[in-house]
Amino acid sequence: MWMPTAAPDLSRLLAFHPQPVPVFPVGALLALIAYGAGVRRLRRSGTRWPLARTATFVLGLASVVLVTGTGIGGYGMRLFSVHMAQHMVLSMLSPVLLLIGAPVTLALRTLPGGRRGARGMLLAALHSRAARILTAPMITIPLFLGSLYGLYFTSIFDAAMSTWWGHTLMLGHFLFVGLLFFWPILAIDPSPRHTGHGLRLVELIAATPFHAFFGIAVMMSTRPIVNFFTRTSAAWGISPTSDQVTAGSIAWASSEIPTVLVALLVAVSWAKASDREARRQDREADRTGDQQLEAYNAYLAGLAGHSYAARQASAGYRSQEGSQL
């Protein structure tokens, strides 16, 4: 793998370099081809697929390639700050963009049907018990936070960074965990579990303080929390301590914008769902002639009539009792 020998600048960070096995660029290319084929098939059938979804999915793939297939990938093995930028993009930004592109929905609309076809297999996987367990909050939230605390504050990180394959697997883990965490929260694609909008917001917000605290803990640490990056070249004029502060700042700041974006998307989805329900109730009322409302009004009228009769009976009894006296 290409390893940088000079201090990073914009041109070096964005330049493409050969990799032993271009896992992420090739994976992104295959995903782009499959997504494009799905969109093309929909258009041939006369079904329109939103251009915004396609653009967002492409941006998600581009963000993955940007932090893995360019100089950022090499500098990510030399500087903690660059590695943390990779982590935040792959776990916070790329998953959100990819999920907004609704790839599962596209696949369900375009894959061959039948129980034994690709579409049937995908549906079976979505409805499986394993998928429900894997997307449960008690699994997704600990995995998401464990990628921070369980990785950087233990010896696992140094072991993974010792080889190119270890680093690549770690980056793949970041992307997978991010997709797993945001998939049921965004709920743009069908998911194994169905959660109300309010609980989805709670699930999102529950992880935010721990993510922000991680960044603060890294910034305020007086000693290197990982030993791997203490090997940074002194000729670059970047000390491991100052680079760690930058890494913590990136982790802290990166938790805000994606969280706000996802919260806004869930809130908009909530508002649209409420509007659709109101329109459905209006159509139902028009179709049934407001039978439910009329029945409720009749019920209130019956209560009022019963109350009036009771008052009249009570008044007659008191009048009779007075005449006897």
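The values are calculated or read from the model by the stated rules, or taken from the named source; none is laboratory data. None of these values were measured; they are calculated from a predicted model. Backbone-built Cβ (ideal geometry, glycine too); neighbour counts: all protein chains shown. The protein model used for the area step is the full one, side chains on, heavy atoms only, and it has no ligands, DNA or RNA in it. Shrake-Rupley method; radii C 1.70, N 1.55, O 1.52, S 1.80 Å.
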For segment 9-89, with only Lys/Arg (+1) and Asp/Glu (-1) charged at the beta-carbon, what is the dipole magnitude about the Cα centre, in debye rounded to 20? 520 debye
Just to check I understand the Karplus step: with θ = phi - 60° and J = 6.51 cos²θ - 1.76 cosθ + 1.60, what whole-Hz values come out for segment 256-264, glycine and proline as x? 7, 4, x, 5, 5, 4, 5, 4, 5
Specify which residue in the list MET92, LEU14, LEU42 is farthest towards the positive end of the charge dipole of segment 1-150, using unit charges on the beta carbon of Lys, Arg (+1) and Asp, Glu (-1), about the Cα centre. LEU42
Hey, what do the phi angles of segment 56-69 turn into as Karplus ³J(HN,Hα) couplings, whole Hz, using 6.51/-1.76/1.60 and θ = phi - 60°, x for Gly and Pro? 5, 5, 5, 4, x, 5, 4, 5, 5, 5, 4, 9, 10, x
For segment 183-244, listing trypsin sites (Lys or Arg not before Pro) in a DSSP loop whose Cβ sees at most 12 other Cβ atoms within 10 Å gives none
So, for segment 30-104, what is the accessible surface per residue at a probe of 1.4 Å, expressed in square angstrom? 38 Å²
Quick one: 3J(HN,Hα) in Hz for segment 195-209, Karplus 6.51/-1.76/1.60 with θ = phi - 60°, rounded, Gly and Pro as x. 10, x, 4, x, 5, 5, 5, 4, 4, 5, 5, 4, 8, 4, x
